[in-house]
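First comes the structure, then the notes that go with it.
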Ligand SMILES: [Zn+2]
């Protein structure tokens with residue numbers, strides 16, 4: 001594990017730039033093999049269809065081995081032991097995933113809850129960035145969760161969300177949002193067309209990002225844009241941390257680079273117009289917790305002193321370099337048709 005950090009005081013606010021590249025060493029638990037999931041060989045590449053990828057590494061945090069396509073270089077989980085992919089709402093799957101995340105000690109609910117004000121700021125920045133490409137109209141937020149971004153977007157767009165979890169989507173509706181309980185597939189064949197589709201930390205969870213983006217292309221009007229936020233594996237953090245990289249978690253199945261994601265978008269007739277790594281403002285409480293999760297020595301004991309010194313709610317700006325935002329536009333004019341793999 002390696003952590004590089006620097007601080008810059010800026011107008012009463014601490015700007016901390018941190019690159020966390022490690023994680024704790026974890027034993028490999030004995031995981032059950034789900035009947036029907038291939039145990040010999042690997043799944044074919046979702047981007048180009050090639051079979052016989054090469055094994056990159058095994059990590060106890062993943063649901064299967066990380067492999068790389070020999071043809072297009074997409075990195076993905078080559079088999080699924082438990083299959084936590086977001087195909088549909090499944091209470092048993094959600095419960096199994098929650099158990100797995102708890103076992104790996106990935107999340108502390110009190111830290112996540114306290115981070116809401118800063119997540120809201122991140123959502124405001126996302127919306128401002130999106131509006132640089134599309135001024136208004138109809139918006140669909142895929143995987144809208146409790147509808148925080150959706151509510152913000154509702155001030156600028158005619159906004160609608162889709163969320164597979166029944167309880168979560170009901171929570172979003174209770175806050176006044178228009179939300180469909182389901183997945184992108186639920187919307188297939190509908191006549192509505194959107195000016196913008198947003199997918200924040202969704203693509204890496206799906207069974208087939210290619211199928212999803214083909215549906216997104218169908219749901220966008222010509223000239224409409226899709227905004228995607230997803231981890232990027234083309235970063236210093238993965239090169240150094242490898243099997244202990246923080247983005248290797250049980251329900252992540254696809255790890256794009258800018259190149260592989262842009263290739264996938266083009267093949268779905270969506271032309272990339274912007275790509276950048278994400279900068280975030282976080283509390284020092286949250287930063288300390290993420291350092292704990294990455295295995296930084298003593299980081300797990302920082303919460304009490306941060307509270308005692310009144311520093312827990314101070315903010316820091318971080319650019320870990322392993323999350324990217326890509327915006328792509330559906331071509332104007334007559335549909336060109338989906339390209340073959
Ligand atoms: Zn491939």
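Since every read-out is calculated from the coordinates, none of them should be taken as a lab result. Just so we're clear, the structure is a prediction, and the values are computed from it rather than from any experiment. Methodologically, a virtual Cβ is constructed for each residue, glycine included, from the backbone with ideal geometry; neighbour enumeration extends over all protein chains shown.
For region 191-341, state what percent of all Cα-Cα pairs lands in each successive 10 Å bin, counting from 0 Å until the bin that includes the largest distance. Computed distribution, short to long bins: 10, 33, 28, 17, 9, 2, 0. Exposure proxy for 218, 192, 204, 163: other Cβ atoms within 10 Å of each Cβ, ordered fewest to most, give 192, 218, 204, 163. Residue order for 290, 210, 307, fewest other beta carbons within 10 angstrom first, comes to 307, 290, 210.
Stretching the chain fully between residue 276 and residue 71 yields a gain of 71.3 nm (0.36 nm per residue, less the alpha carbon separation). The alpha-carbon atoms of region 147-265, seen along their principal axes, cover 44, 32, 26 angstrom, with the largest extent given first. Shape class for region 44-161: oblate, because the ratio a/c of the largest to smallest gyration tensor axis (alpha-carbon atoms, square roots of eigenvalues) is 1.5 or more and b/c is at least a/b. Among 245, 118, the order by Cβ neighbours within 10 angstrom, fewest to most, reads 118, 245.
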